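Asks: The structure is given below, and queries will be raised subsequently.
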Amino acid sequence: MMPAIFMDRDGVVTEDIGYVHRIEDFKLIPNAIEGLKVLKDYKLFFITNQSGIGRGYYKLEDFFNYNKRVLDELKKNGISIAKTYYCPHKPDDNCDCRKPKIKLLKQAEEEFNVDLQKSFVIGDRKSDFEMGRDAGCRTIHVMTGYGSNAKNEVHPDYAARDLLDAAKWIIENFENGNKR
Ligand SMILES: [Zn+2]
């Protein structure tokens, strides 16, 4: 069992302009690469709600192409994402994979033998913290995406400026997911 870092993609690592899917709109958030480098000894995952697919704004293939662009850029910087988990459904589909539901976290737990109790969820929306909390993970709110103006009804364990700040908090306070 190992700890892992689960990140929302849009608004945490890449700029979120809303339903982002076009490669020409790809843009990293400042300090994202630096933060990921600090966390390189953890297994890293994306968990992303992609209702734009279910709403017909873009196709699954567009999502894959865009995500590959993101992963390629990270790879160039020596960072690898173990797996991207995504929900393609609309909210009213009532699926069981859309955040804040914890199905995708549970899937990672099973597929990668992840210790959720020692893992971290980093996101910019309430649905990220709710999912993390409900699965027993630590939760971190980054202010870089939607988070900068989100009403914070669910309290995360730490409010970070950006991914680098979040990464430093993890490294300074935890070792292998255990509290120092
Ligand atoms: Zn879903």
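The values are calculated or read from the model by the stated rules, or taken from the named source; none is laboratory data. Because the structure is a prediction, the values reported are computed rather than measured. Note: ideal-geometry Cβ built from the backbone for every residue, glycine included; neighbour counts use all protein chains shown.
Asks: Return the pairs, sorted by first residue and then second, in which the second residue is more than 7 Å from the ligand (Cβ to nearest atom) and of a type in the set (D, E, K, R), the first residue lies in segment 88-99 and is free of Cβ contacts under 8 Å to residues at least 40 places away in the same chain, the beta carbons are less than 7 Å apart, and the residues are 6+ apart or on different chains.
Replies: So the pair list comes out as Lys90/Arg55; Asp96/Lys103; Cys97/Lys103.
Asks: If you scan segment 78-93, which residues turn out to be within 9 Å of the ligand (Cβ to nearest atom) and part of a loop (DSSP other than H, G, I, E, B)?
Replies: Scanning segment 78-93 gives Pro88, His89, Lys90.
Asks: Taking Val121 as meeting all but one of (1) closer than 21 Å to Glu34 by Cβ; (2) in contact with a Leu (Cβ under 6 Å, 6 or more places away or on another chain), write down the number of the exception.
Replies: It fails just one condition, (2).
Asks: Please state which one of Val20, Val70, Val12 is at pLDDT 95 or above, outside any strand (DSSP E or B), more than 16 Å from the ligand (Cβ to nearest atom) and in contact with an Asp or Glu (Cβ under 9 Å, 6 or more places away or on another chain).
Replies: After applying the criteria, what remains is Val12.
Asks: Go through (1) of a type in the set (A, V, I, L, M, F, W, C); (2) closer than 27 Å to Lys118 by Cα; (3) within 16 Å of the ligand (Cβ to nearest atom) for Ile53 and report which single condition fails.
Replies: (2)
Asks: Which ones in segment 54-104 are exposed (fewer than 14 other Cβ atoms within 10 Å of the Cβ) and among the small types (Gly, Ala, Ser)?
Replies: Across segment 54-104, the qualifying residues are Gly56, Gly78, Ser80.
Asks: While we're on this one: Can you pull out every residue in segment 94-128 that is aliphatic (A, V, I, L, M), within 14 Å of Thr48 (Cβ to Cβ) and more than 16 Å from the ligand (Cβ to nearest atom)?
Replies: Result: Val121, Ile122.
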